[in-house]
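A.B. asks: After the structure tokens below, expect a handful of questions from me.
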Amino acid sequence: MNGDNLFLLLKQIKNHIIKTYNIMSAQNFLYLFGYTNGLSSASKQMQKISNNLVNNEIISMDKIEDQKLDDDFFQYQELLNIIKQDFKLNLYGYHGIYHWQRVFLNTQKLAKYYNVQSEVFELFSILHDSKRENEHLDINHGKRASEFVKKLIEEKYIKLNTRDEEQLIYACANHTKPDVTNPFYNDIIVQICFDADKMDIGRVGIVPDEKYFLTQYAKELIINSRNKQIYIY
Ligand SMILES: [Fe+2]
């Protein structure tokens, strides 16, 4: 069976799953397929559809253009290459570069709403999961990411003002279990980073729950998307 036929067959199966069960099951299926078949053209296509599911339908993201999935998606190419060198997981897996892209797009959606801009958004997106050692429970990966950020700042791969540096370090270290007593917990830039990451949790089959989000706008997006009818193509 060639890639195109396989793709059509999988599309039919996927639509059947969506009709019979629910969108999250279909999404899990797409991801599982992507992982078990490496990076064939069919599975790459599946990843793209899956990304669109998360970003367009589940959380009403603006459409992701194909070119945005290319390597030059991010501004920090040199830094990205350094991150890739030591990345211990599948670069295209659950916590890999597609996730980083979606997190960044999510930050932009929230940032636009709150009328804020920051370089921290892109840096958080590409760094927060960069020191994961497994795809499951890795409670210290945020702390390791923040140590990595400090090293990158020292070595001048990251050049930010002091406030931005502190936001980035806090956001990376605390993105799974935040220190709520730290004043940065209430910082809008940090809150957008945390929410943008959680908005992508549908990729692992977990339906987002608004109670875990910090910004009101992210909560609204989650609530509005919950019962939305899903159509593929
Ligand atoms: Fe993440």
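The values are calculated or read from the model by the stated rules, or taken from the named source; none is laboratory data. The structure presented is a predicted model; accordingly, all values stated were derived computationally and were not measured. Cβ: placed from backbone, ideal geometry, glycine included. Neighbour counts: every protein chain shown.
Residues are listed down the side, and each one gets a yes or a no for (1) among the polar types (S, T, N, Q); (2) at negative phi; (3) more than 12 Å from the ligand (Cβ to nearest atom); (4) modelled with pLDDT under 95:
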| position | (1), (2), (3), (4) |
| --- | --- |
| ILE188 | no, yes, yes, no |
| GLN191 | yes, yes, yes, no |
| ARG203 | no, yes, no, yes |
| GLU210 | no, yes, yes, yes |
| PHE213 | no, yes, yes, no |
| LYS219 | no, yes, yes, yes |
| ASN227 | yes, yes, yes, yes |
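A.B. asks: Follow-up question, since we're still on this one. Give the residues of segment 105-138 that are assigned to a loop (DSSP other than H, G, I, E, B) and free of Cβ contacts under 8 Å to residues at least 12 places away in the same chain, sorted by residue number.
C.D. replies: Listed by number, the residues that qualify are ASN115, GLN117, HIS136, LEU137, ASP138.
A.B. asks: Tell me, yes or no, whether segment 85-104 has at least one residue that is more than 13 Å from the ligand (Cβ to nearest atom), at pLDDT below 95 and in a helix (DSSP H, G or I).
C.D. replies: The answer is yes; a qualifying residue exists.
A.B. asks: Let me ask something else. Considering only helices (runs of 4 or more DSSP H) fully contained in segment 139-233, which possess at least 3 residues that are in contact (Cβ under 8 Å) with a residue 40 or more places away in the chain and over 22 Å from GLU119 (Cβ atoms)?
C.D. replies: Ranges flagged: 216-226.
A.B. asks: Sticking with this one: Which ones in segment 161-175 are among the hydrophobic types (A, V, I, L, M, F, W, C) and more than 14 Å from the ligand (Cβ to nearest atom)?
C.D. replies: Within segment 161-175, LEU168, ILE169 meet the criteria.
A.B. asks: Condition first: buried (at least 18 other Cβ atoms within 10 Å of the Cβ), more than 14 Å from PHE194 (Cβ to Cβ) and within 13 Å of the ligand (Cβ to nearest atom). Now tell me which residues in segment 128-151 satisfy that.
C.D. replies: Of everything in segment 128-151, those that are buried (at least 18 other Cβ atoms within 10 Å of the Cβ), more than 14 Å from PHE194 (Cβ to Cβ) and within 13 Å of the ligand (Cβ to nearest atom) turn out to be SER130, LYS131, ARG132, HIS141.
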